[in-house]
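To start, the structure under review is shown below, and the notes come after it.
The values are calculated or read from the model by the stated rules, or taken from the named source; none is laboratory data. Note that the coordinates shown come from a computational prediction; the quantities given were computed from them, not determined experimentally. No Cβ is skipped: glycine too gets one built from the backbone with ideal geometry, and neighbour counts run over all protein chains shown. Quick note on the areas: whole protein, heavy atoms, side chains included, nothing else; ligands and nucleic acids left out. Shrake-Rupley method; radii C 1.70, N 1.55, O 1.52, S 1.80 Å.
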Amino acid sequence: MQLSSCFKFLLKVGLFVSSFNAVAGPMGFKDSFMAMGDFNANWREAFVNYAITPRDAFGVGATYMRSDDETKTRTLEEFTYTSLLKRWNLPNSQANLWFTGGIGAIQGENDLVGKSHHFDKVMVTPGVQFDYETTRVYFAAAHRLYRAEHINHDFTSVRAGFSFYETDYDKTQPWGILEARNMNGLSDKIEVTPMLRLINKSYFVEAGVNNSGQPRFNFMYIF
């Protein structure tokens, strides 16, 4: 391979990995906005953040949570902060360690036998995420605390995926994604969801059905 051809190939790979990381991580590039949503019957989350540096973003988010038996509901509105703690640039791949946290107000309702209990409290939500990606494989693990007075709804998720075929960085690429997640105090089981992801430079969309038969839809867009 000639030097110029080799350089062009490495440049294309680097651009693809960079663009993929932009949609895999919880924030975009400097001076960009990121909008993201995650929706199913028991979990609905949407947030927008703005990257003030290549490693820091501030935003707002709203989350709806419901227990499997539908007796508990939670609504959270929060201000968020995201930080890229560490990045490892490897040959044809990349790994990242993120901090994501917030503070806001949570409103809740517990439907008990013969009565209902309502509350409104301050909640903090610090967490970390590790991800690793190439143009063909993807892995991410995250743990986030959802804590208020006498409330613990800590959230854990692990996901992995693969692309069906190689493509140029500026073209849409289909991926298969499998995620397992659980929220403490709202579900006694692990939710498992296989999804189809379509990813491009500035967006992705995901759709699937979890092991409870509930449809799920996710999206992300950087602008």
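A few points about this structure:
- Trp98 more than 16 Å from the chain's Cα centre (by Cα) and assigned to a strand (DSSP E or B): no
- Taken over the range 144-174, the criterion of being under 24 Å from Val192 (Cα atoms) and acidic (Asp, Glu) is satisfied by Asp154 alone.
- Every residue from the range 165-223 that is under 26 Å from Phe33 (Cβ atoms), part of a loop (DSSP other than H, G, I, E, B) and either small (Gly, Ala, Ser) or open to solvent by 40 Å² or more (accessible area, probe 1.4 Å) (or both): Asp168, Tyr169, Asp170, Lys171, Thr172, Lys201, Ser202, Phe223
- Residue within the range 149-161 that is closer than 25 Å to Arg87 by Cα and open to solvent by 70 Å² or more (accessible area, probe 1.4 Å) present: no
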